[in-house]
Amino acid sequence: MADMPASTRPRSNAARICTIIGFVFAVIAIFVPFLGLVGLILGIVGAVLGDKPLGWYAAAANVVGAILGMVLAAALTS
């Protein structure tokens, strides 16, 4: 059996699903910025459940997507 540090959780299917959906929400957040919050939560949940570092990347991508979406919305409305 592989030696894993005590602080590492084994990756589960639920973690990978949360991470993938988090990345999908990151893309959608460019057009609908409030969905970036949902994706951020999904990315964090994916990371906590064991899908590291992709879960953290999904969370960061959602923050960037939401910011881009707000900038795009501000540019289009002014």
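Throughout, read-outs are computed from the coordinates displayed, never taken from laboratory work. The shown structure was predicted, so the numbers you read here are calculated from the model rather than taken from an experiment. Cβ sites come from the backbone with ideal geometry, for glycine too, and all protein chains shown count toward neighbours.
For region 21-31, putting each phi into the Karplus relation 6.51 cos²θ - 1.76 cosθ + 1.60 with θ = phi - 60° gives couplings of 5, x, 5, 4, 5, 5, 5, 5, 5, 5, 9 Hz, in residue order, rounded to whole numbers and with x for Gly and Pro. Name the residues of region 14-40 whose amide N is less than 20 Å from a point 7 angstrom out from the Cα of Leu68 along the C-beta direction? Hits in region 14-40 for Leu68 at 20 Å: 19-40.
Compute the distribution of all C-alpha to C-alpha distances in the chain, in bins of 10 Å from 0, and list the percent of pairs in each, rounded to whole numbers. Per 10 Å bin, starting at zero, the Cα-Cα P(r) for the chain comes out as 25, 40, 21, 10, 3, 1 percent. Relative to the longest principal axis of the Cα atoms of the chain, the long axis of helix 35-48 lies at roughly 10 degrees.
Simple spin-label estimate for Phe31 and Ser78 gives 2.4 nm between the two label positions (7 Å along the Cα-to-Cβ direction from each Cα).
Highest GNM mean-square fluctuation among Ala29, Ala59, Ala14, for the chain modelled with Cα contacts below 10 Å: Ala14. Which angle from 0 to 90°, rounded to the nearest 10, does the C-alpha axis of helix 54-77 make with the longest principal axis of the chain? For helix 54-77, the angle is close to 0 degrees.
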